[in-house]
Structure formats: C-alpha cells, structure tokens
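The values are calculated or read from the model by the stated rules, or taken from the named source; none is laboratory data. A quick note: this is a predicted structure, and the numbers were derived from the prediction, not measured. FYI the Cβ positions are ideal-geometry reconstructions off the backbone, even for glycines, and counts take in every protein chain you see. For accessibility, only protein heavy atoms count, side chains too; no ligands or nucleic acids. Shrake-Rupley method; radii C 1.70, N 1.55, O 1.52, S 1.80 Å.
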Amino acid sequence: MPLLLTESLDPARRELTHQHIEGCVACSEEWNAYKETWLVMEDLPVVEVPARVRERFLAAAGVGEAAGSQPASNVVAFHRRPALKWLAQAAAVIVLAGGGYFAGRETTPQFQRTPAIVNSMSPIKPLSIAETRVVDANAISPEIEGRPNIANVQFIDSDPTDNQIRLAFDITSRWTVTGNPKDKSMVRLLSYMLESESAISPRSTTLDLVRQAYSNPANADPEIATALAKVLRNDEHEGVRIRAVDTLTNLPVASTSPTRDALIDALKSDPNPAVRLKAVEALANLAQRGETLDPEAVNTLRQKASQNDENLYVRMKAAEALKNIKP
Amino acid sequence: MKHLSDQDLMRIVQGGDYSPASEIYDRYSGRIYNFAFRFLKNAEAAEDATQEVFVKMLRYANQFHGDAKLSTWLFSITANWCRDYLRKADNKAKEPEEVLIALPAPSEYAPDRALEQRENEQRIRRALQALTPEQREAILLSRYQGLSYAEIAQIAGCSEGAVKTRVFRAMETLKKTLVGEASGGDRCLTVVP
Amino acid sequence: MKIRALLAVLMLTASAAAYGARSVGRTFHVEEQFPLNANGTLILENPVGDIEITGVDGDGVSADVLKTVVATEEDGLEEGRFLTELVVGGDATTRVLRTVMGGPRKTQWSSSVFWRVRVPKTANVRVASTSSNHVRIVGMRGNVYVKNFNGTIIFENDTGYVTADSANGAILYTAATILAETRLSTLNGHITVRVGPGADLRWVAETIGGDIRTNLPVRGMFTGPSFRGSVNAPGGAMLMTATLTGNIHLLGNGLPRETIQSVRTIEKILIPPEQVNQSVGGIRRGVIEGSITYNTMVGDVVITEVRGPALLSTNAGKVQLGSVFGDCNVRSSGGSLQLGEILGTLKASTRAGDIFIEAARRGGTIETTGGTIRLLYTGGPTRLVSGGGDILVRQVAGPVDAATRSGDITLSVDRATRKQKIDAETEKGNIVLNVGPQFGADFDLTIMTNDPVGHTIQSDLTGLSISKDQVDGKTRIRATGKINGGGERVTLQATDGNIRIATAPVGPALLNR
C-alpha cells in the first residue's frame, strides 16, 4: 500500500496491485479510506492573501505599481496535480500471479531433451502444496511407488482422432514440513488447518500443537490468533471452541483486534457457559496484563455483569475483570 | 510582463531591474501564503513569511538558476523560513490561535452546509497540526501545491524516498483522523510479487 | 445541534504541578455562561475529571472549568492542551457541555478537566463520566441521570427522579426524604443511602456478594438475593439499590451506628427456607471433623479435609477439596471443581468449568456443561459427562460410562484388570482405550465419519472384524469381536474421529490441574 500510494510501483506491479485490491476486502476498504481522505482534504479552502502583504513587499523592494500591472487576483490559480495516478482505474484485467498459498495453479513442466543452457537465473518459486497439475504422460516415472490412494478418476477423450487420452484423478500423498514456527509458510499452513474443517481432521491435535508452539512470545504471529478467532466464532462443537478460546488466552498476541472481537462475540452470544466463561477470563487476563480494552469490550463486560439471566459465575468474573480495567 | 516566462522575469531581476517583482508576486503569492498559513496555522506569521520570501527572491536572485523551476525555489525559501520560525523557542510557546466556529454569514450555502464546511475545515486543520512538521510540509507541498516528490525532496533537503515515507505516514495519520479505521480490522498480508 | 468551540486559555494558574523532575503541568481556567431554560436539560460528558453540578434559582448555565495538563515536556503540554477540547453545543432547551479528547498523540501527556456547573434547579441533568474522584450533584429538583465507570457518585438533596449507573464506583445518596423514584446501581462498589429517620419509602435491594444493612425500621422479604420491603409507613417513593459485589446500607440520619444490622437478621424479614442457611461469601477451612453442609450464593469453597460426608454448593465459585472421607456431593453453577481423594460416592457437577479429581474410590457421577474432566482413579461405577471437552480417566478400576459432545476420551484400564464394562461416546473427537494385553471383552467399536480414509479403528488386540456401510450420508466403520475369550461389553462410539485400543504401557500421568 505505501508503494502504491507514493507511486513507487512500475506499471505492471501497479496493475497487479489494483487487481488485488479489487478482490481483497481488507485492502479495498483501506484503499477507499485513503481515497476518501484525499478527497476530504479538498475541503480546505484557499485563503486570500491580504492586500497589505503586497503593499509591504513592494515597499520593501522599492518598487511601486508598474504601469500595466493591474491589481490581479491575489489568489493565483495553481495547477492542481491531475487526478492521482493511483486513483485511476486499471483498464486491463490481468490474472494475479503468485499470491495465495493454496491457489490452484496449472503447470506444464517442459523437459529439455538437449542439455540446457542457462541464460539467466530466476528466483526459485516456492512449492504450493495444493497444486493441480497437468502433465504429459512421458513426464511421469513409470514406477509407481508406495501404493498411493487414488480417487475420483475421470477419463476424458475430447478428441478421439488425436490418439491422446486424458486421465484426471485425486491422489493422496504424505508431506512432512519442517520449519520454524515463525516461518510464514508454517503459520499459513497451521492457520489453514485450524480454519478448514473439511480439509483435515482431527483438528484438536492442531489446536494443541498451536498452543504449544505459539505460546512462546518469540513465535507470536497475529495470523494464528486470527485463525483461532475464526474457529471460536464458527465451530459448532463446544469442545473445540473451548479449546480455541483457551489457546487464544495463552497467545502473546491475544490483544489484537480479531482476537478481541471474537472474544467479545463469544462472551455475548456463545450458547455454552463454559465458552463464555473462558472468554471473560481471556478478557480479564488482558486487562490484568495492563492492556487497554476498547469501549466495546468494556461495555460487553459491563452488560454481562448486569445481566440477570447470565450464569452467575460468568457475571462475577465479568465484574472482577472490570475492577482491573483502566478505561 | 504577463507574457514573459518565469525564467525571463528572473533574468530581468538578476540584471538589477526589479520591475518584474509585482508580476512574480502576483503569480506565486497565493500559493506561498497558503502553504505558510497551513503549515504554521498562524495568519500573521504567514503574512511575514510571504513578504520575506519575495524579498529574498529579489535579494538572492543570482542564486536562482534558469534550468530550475521558480516555484520550487520559492517553496524552498518558504519552507526554510517556516522551519526557522518554528525552531525559535518563543514561537513554539505562543498559543496557537483557537478558531471559534461562529455562525456563518448568509451565503449561497444553507446555514447547515456552511457550518458543515467550516467544521470540515476545522477538522482538516487540526488533522494537519497533528502531523510532524516534516510530514506536514511534505503533504502540503504534494497535496495542495502539486509538486513532484523530486521537487519536494529538493525543498526539504532530503531524499525522494524520505519524502515518500513522509507522505505515506502523513496519509496514514490523516486517514485515521479524518476518515477513521477501515471497518473489520482484518489485515491483508498478501504480497504482490 | 449547532456547536461552538469554547475560547480556551487565558489565565495560567499555578505554573505547575511538578510531579517530578521530568514532569511539567499547567492548568487553564475558563468561565462561561450559556442560556438554558429553567426546565431545560443539561448534558455533560467528561471522560476524565471531577464534576460538580449545583442546582440554583433562575435560568442559565454557568460553567467554571479547570483543564489540567501534565506532560514530560513542553511539547507535550502544548499537544495536551490542544487535543483536550472543551466544547459547548445545543441551545436553551438542551445544553451540551463536553470534553473531547482528540488524537493521535505524538508526545506523552495526560489531562483532566474539572467542571463546576450551576444550572437551574428545575432543569434535568445527564452526566457521563469515565474516571473521576467524584461526580457530585447537589440541590436538583429535576431528573438526574449519572453514568460512570470509576469514581464516587454523590447525590445531596436531590429530590427529582435520580438514576445512577456505575461499574466500579461507590454511590452516596443523602436527602431528608426521597420524593421520586431513585435507582442506584453499581457492579463493584458500595451503595450508601442516608435519609431522615421518618422517611417513608419502598425499598428494593439486591446484592450477590455483599450484605444489605440498615438501622431503619424495615419489613419485607427475600426472594433469592433480592430484598423487597418498606421503611416506615407504606406507599412511599421507590428506592432501588443494586450491586453485584458490594454492600448496601440504608441509614437514618442521626441514628446511632450501633443499631445498624444485616437485614437478614431482622426478625420480621421473611426468608425462604431454602435460603435460610445460605451464606454469602466463600468458605476456607482446614480440617472439618465430621460432616459439612455449605451452600453459598457466591464464593469459593476451599476445604483441606472433611472427615465425613460433604454437601457443598456455590452458585458462583470454584470448589477445592483435599479429601472427603464420606460421600461427597459438590455442585457449582459456574466454576471449576478440584477434588482430591473421595472415599465415598461422588456426585460432582459444574455448569461451566473443568473438573479434576484425584480419586473417586467408589465411583459416582461427574458432569460439566463445558469443560474437561480429568479423573486419575475410579474404583466404582462412574459416569462422566461433558457438554464439550475432553474426558480422561487415568486408571479405571470400575465400570465407566463416558460421554462428551465434543472432545477426546482417553480411558486407561488398570493393567491388572482383565474384564471391565466400558461405554464411551464422543460426538466429535477420538477415543483411546488403554488396556492390558490380557484384557478380554466383547468389543463393539463404531466410527461415524465423512472421512473413511482419515478416520480409522486401530487395535493392538487382534481378532476384531471390520465392516463398513453408509448411514445417513456418513460412513459407519464398525469393529466387533470377542477378544481374549470375551468378557464385559466394551462399547465405543466416535463421530469424526478415531478409535484406538492400545496395550502399550501408559506413561506417568502428567496432568495439569
């Protein structure tokens, strides 16, 4: 965003960035806020220079009103910068390359039959673990090792005359990914696992792993907190939500906005009192650590403490949290 | 004189003839005054700045090189003057003017609209004052004077990269103050390669 | 609503509150008058700083305002002064006075504003404050509403409708009598009301964690934590006082302090039988010889040893017991249970919280609506139910029936035990059953799953037959068989999880309480 705002991107990257903004809610909102700011600043009116300044200057310079120079408007119309380059909309649609970790991608590896001559070095692109591949048969080894599981087989023969057949199938393979908890790939992978119910099971193991690895302040990452907040909001199973809120409480970055919002929502409306209790405890911990809770969190605690039909323990814990708050 | 370019006028001045002074003043005083006023938020200081800048223009005319833009040079002098003004301790201690939003005189706008305009103006002025002097200088020159980053870098005496950083930081602060945080609060961490 | 900004500054009073070598402070004083009708409304919003409002004859509002800024340097003072705005708006019908904190800040500073305001006594007043030492309202006849977070709210001789709502602040109300409905509520503070000894009023008082005390002639009854009654003659104005954790005092001016007593101890006050022995607050004891029955509305129950049966309940609090020699019945409506060695039959339940038990020698029933259950040893028939959370039993020496709505169940049968009845069901999670290699049972193991490849039944004991079929769109994997000659029935059912029967020795229990 800074580079785009200050026109530091080359045309191609500027184009790509605009395309991304169109598709990304968070970036779109931020960009629109910048645009609105720029427009709001328009409201600062041009102020007229008092005539006495001209008189004083001309007197100091020792020049009078020269013949032919009429008292011109004191406000010189300056040339505004033409509509900001970054406000101009891109015309062409370019497929956004690179990007998400799990974007499907078609690759057609070209295998050279003659020795390759390296003309230039390009950076090695990271592997995507959820690739969709389209490959020639002669690119695959004829040896099939390990008896992989194959499913959803499709046989496609779009042109019977071309002597080519096409097989599409899903195949399972086992990946072992090693890395530092702070590696972005590791963070993304774990966040995806936390959030994607159908992609992996059992989830409870991932939650425990995340709690173990990310309780260390050195490994703190807001994406993990965001993923846990999503689990807390969306999972239909109480035990999973309880684990998620418990894990959130132990993360060093628990005071980020998505986490706080998820805790507030859980406190307001989770049907299970244990989840609401843990959400209060998490907010209380934040208050005790000296974090400033925003007005919404404070109001939610206040409402909960006053709510006659709420579990009494939850009410008492909410009141206790309020004692430690510095608004 | 009106048909002569800035370079032509300055050549005359450099020759010792100050007759183009009023023409140059008429061309640029509005921009210089508005920049100084928005920067210092003080009308009296802005008047002094404007007068001083054009006096210096005459006094140091020989330092102006014809290949540069006159506006850039004038803004350079103005920015230096404003910075010196702020640096002086007694100027810092002066109470900045409080602006009373009075009920507007009848205008083409409905009273509500005029008051709203004045309120917006107030907000923007306050928001600009919340910036550091460097950021304020950069955003005023960029947003209101239409100067390029290269020109602003020359005026501010720093690199173009530093100017861009100041502009961006200023926009961040102004966005928060004038528009508020974008809703949702989710951050996008996608990097476009 | 038209808004005008106040002209700030002018007099500098004492040049600082120097709180230390690195602080500078300055106070700015403003006085202004604004029109307000005698029956108008004053709205005052002041996040940080004291407020005093006095009702006077006549109309108009006069505000005497002190704005104090403290900073670590002069630039901070300037910024603080600039960003702490005093704003007036509204008109003669509704006058708004407001302290507005701007931003963002670039330097370190703090500010507070002390508003002293005189308003027509017949006007209505609404005050919103966050932090202050006090908010004081004196001599008002109109309606008064005060909301704050911290700080004491003081009402003196206000005779109109009065409402106060505080989070942590105390509320003090003083008047000769109460003429209109008065509602005073605070979450964590105390409430003290002083009226003339002959004042007639209807009184509702509620506190969960505190006491209700008076030295006035009062009669009424309790319903739960609420007291409803009257003082002196019936039919007076309504006084409602409510606090969650604080005390409520209703006192007669001039009456001796020694006559103050808890309303619960007054003879004429009706208390429902089930609440007669209900305590307020928790209990902490060491060893109790014999049995104990304790029931509290709020508070923790912490006892090291009960040498007899125990019947304990708290509506809000945790229960922590060392050992109980007899039967044990423990209930919390919200709070964790942490129990040691229970020699008799155990019944333990909590509506929200984890349960940890060292030993239930004779088994029992252990339930939580949401939370984990960890039981190190059970020696009798045991039922464990969780609304959402894991269940773990480290050593099973009696029949077990465990069910959780979501979570893992891990049961370890004592290795010397060859036969045991086990039922375990989880609606989302795994089941692990650890048994000795000679364990014999009729096994019926079922998984319901959408992922028949990812979820499996694994058994270190051989001899189970596996079948798969489709039920209601899910795959049912079932493993049945008599192992080691058969025995009691072992029925395990997991939805969207694995089942594992393991015979490897289980390591030492490393359980977090």
Heavy-atom accessible area of A:Leu9, protein chains in place, probe 1.4 angstrom, given in Å² to nearest 10, is 20 Å²
Relative contact order of the stretch B:30-78 (C-alpha contacts under 8 Å, at least 6 apart) in percent is 39 percent
Share (percent) of C-alpha pair distances in the stretch C:105-206 greater than 18 Å works out to 48 percent
Under the 7 Å Cα-to-Cβ spin-label approximation, B:Cys158 and A:Ala218 lie apart by a distance in nanometres of 3.5 nm
For the stretch C:277-356, inverting the pair-averaged 1/r of distinct alpha-carbon atoms gives a Kirkwood value in Å of 11.8 Å
Non-local residues with an amide H under 5 Å from the amide H of C:Val56, with H modelled 1.01 Å from N and Pro and chain starts lacking one, are C:Val119, C:Lys121
For A:Lys304, the net charge from surrounding residues (Cβ-Cβ under 10 Å; K, R +1; D, E -1) works out to +4
Going through A:Lys317/C:Lys474; A:Lys230/B:Lys176; B:Lys176/C:Lys121; A:Lys230/C:Lys474 one by one, the pairs whose alpha carbons sit over 31 Å apart turn out to be A:Lys317/C:Lys474; B:Lys176/C:Lys121
Averaged over residues of C:345-357, the number of beta carbons from other chains lying within 10 Å of each residue's Cβ is 3
Applied in sequence order to the stretch A:259-264, the curve 6.51 cos²θ - 1.76 cosθ + 1.60 (Karplus, θ = phi - 60°) yields integer Hz couplings, x standing for Gly and Pro, of 5, 4, 4, 5, 5, 5
Ignoring ligands and nucleic acids, C:Ile283 exposes an accessible area, probe 1.4 Å, in Å² to the nearest 10, of 20 Å²
Long-range share for the stretch C:187-253, i.e. C-alpha pairs more than 19 Å apart as a percent of all pairs, stands at 24 percent
Ranking A:Asp270, C:Asp327 from most to least accessible area with a 1.4 Å probe gives C:Asp327, A:Asp270
The simple spin-label model distance between C:Glu267 and A:Asn299, using points 7 Å out along Cα→Cβ, in nm, is 5.2 nm
In Å, the Kirkwood hydrodynamic radius from C-alpha pairs for the stretch C:327-427 sits at 12.9 Å
HN-Hα couplings for the stretch A:230-235 via Karplus (6.51, -1.76, 1.60; θ = phi - 60°), in whole Hz with x for Gly/Pro, come out as 5, 4, 4, 6, 10, 6
For the stretch B:1-80, the Cα convex hull volume per residue in Å³ comes to 78 Å³
Per principal axis, largest first, the Cα atoms of the stretch C:21-85 extend in Å by 48, 18, 17
Residues meeting the amide H criterion for C:Gly102 (H placed from the backbone, H to H distance under 5 Å, 5 or more places apart or on another chain) are C:Thr84, C:Glu85
From highest to lowest solvent-accessible area (probe 1.4 Å; ligands, DNA and RNA excluded), C:Met448, B:Met10 read C:Met448, B:Met10
Using alpha carbon centers only, the stretch C:325-339 is separated from the stretch B:29-94 by a whole-angstrom value of 79 Å
Between C:Asp451 and C:Arg105, the two model label points (7 Å from Cα along the beta-carbon direction) sit apart by a distance in nm of 4.8 nm
Counting only DSSP beta bridges fully inside the stretch C:202-287, the antiparallel percentage to nearest 5 is 55 percent
Hull volume per residue for chain C, using the convex hull of the C-alpha atoms, in Å³ is 248 Å³
Interface buried area A-B, accessible surface with 1.4 Å probe, both sides summed, nearest 100 Å², comes to 5300 Å²
Phi angles of the stretch A:296-303, converted by Karplus (6.51 cos²θ - 1.76 cosθ + 1.60, θ = phi - 60°) into ³J(HN,Hα) in whole Hz with x for Gly and Pro, give 5, 4, 5, 5, 5, 4, 5, 5
Sorted by chain and then number, the residues having a modelled amide H within less than 5 Å of the amide H of C:Ile283, at least 5 places away or on another chain, are C:Asp300, C:Val301, C:Val302
The base-10 log of I(q)/I(0) that the Debye equation returns for the stretch A:237-316 at q = 0.18, 0.21 Å⁻¹, one scatterer per C-alpha, is -0.66, -0.90
The helix C:74-83 Cα axis meets the longest alpha-carbon principal axis of chain C at an angle in degrees, between 0 and 90 and rounded to 10, of 90 degrees
Computed on Cα atoms only, the convex hull of the stretch C:387-513 has an orientation-averaged projected area in nm² of 7.7 nm²
If every Lys and Arg gets +1 and every Asp and Glu gets -1 at its Cβ, then about the Cα centre chain C yields a dipole, in debye to the nearest 20, of 640 debye
Expressed to one decimal in nm², the mean projection of the alpha carbon convex hull of the stretch C:154-290 is 9.5 nm²
With every protein chain in place, the accessible area of B:Glu134 for a 1.4 Å probe, in Å² rounded to the nearest 10, comes to 90 Å²
Across C:415-421, the residue-averaged tally of Cβ atoms belonging to other chains within 10 Å stands at 0
Note on the stretch C:139-255: contact order normalised by length, alpha-carbon pairs under 8 Å, 6 or more apart, percent, works out to 26 percent
